[in-house]
Amino acid sequence: MLGFEAEKQLLGCTESECLAEIAGALGADYILVGDIGNIGATFLINLKLINTQKAKTLGRVSRTLT
C-alpha cells in the first residue's frame, strides 16, 4: 500500500477515477480512501469506497468526533 500512496502523490491523483485506475493496475477490486481533519478537539473523518473496475463511488460516510 505504501507504493500506492507514493504513486498517488507523484501523479497528483485525488479524483475517484484516477485512484481507481491506480488501484486496478495493482489488482485491487475496491479501494477505501479517506481523510481526517480537526479543529481544536473536534475531528471529522471522511471515507469513500470505490469500485476500481467501474471507477464508481459505492458509498461514503462522514463522522464528527468530539
- Task: List, in order, the whole-Hz ³J(HN,Hα) value for each residue of segment 42-48 obtained from phi through the Karplus relation with A = 6.51, B = -1.76, C = 1.60 and θ = phi - 60°; use x for Gly and Pro.
- Result: 9, 10, 10, 10, 10, 10, 9
- Task: Starting from the Cα of residue 17, step 7 Å toward the Cβ, then list every residue of segment 29-64 with an amide N under 13 Å from that point.
- Result: 54-57
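Every number in this text was worked out from the coordinates using simple rules, so none of it is lab data. This structure is a prediction, so every number in the text was calculated from the model and none was measured. Quick reminder, even Gly has a Cβ in these numbers, built from the backbone with ideal geometry, and neighbours come from all protein chains shown.
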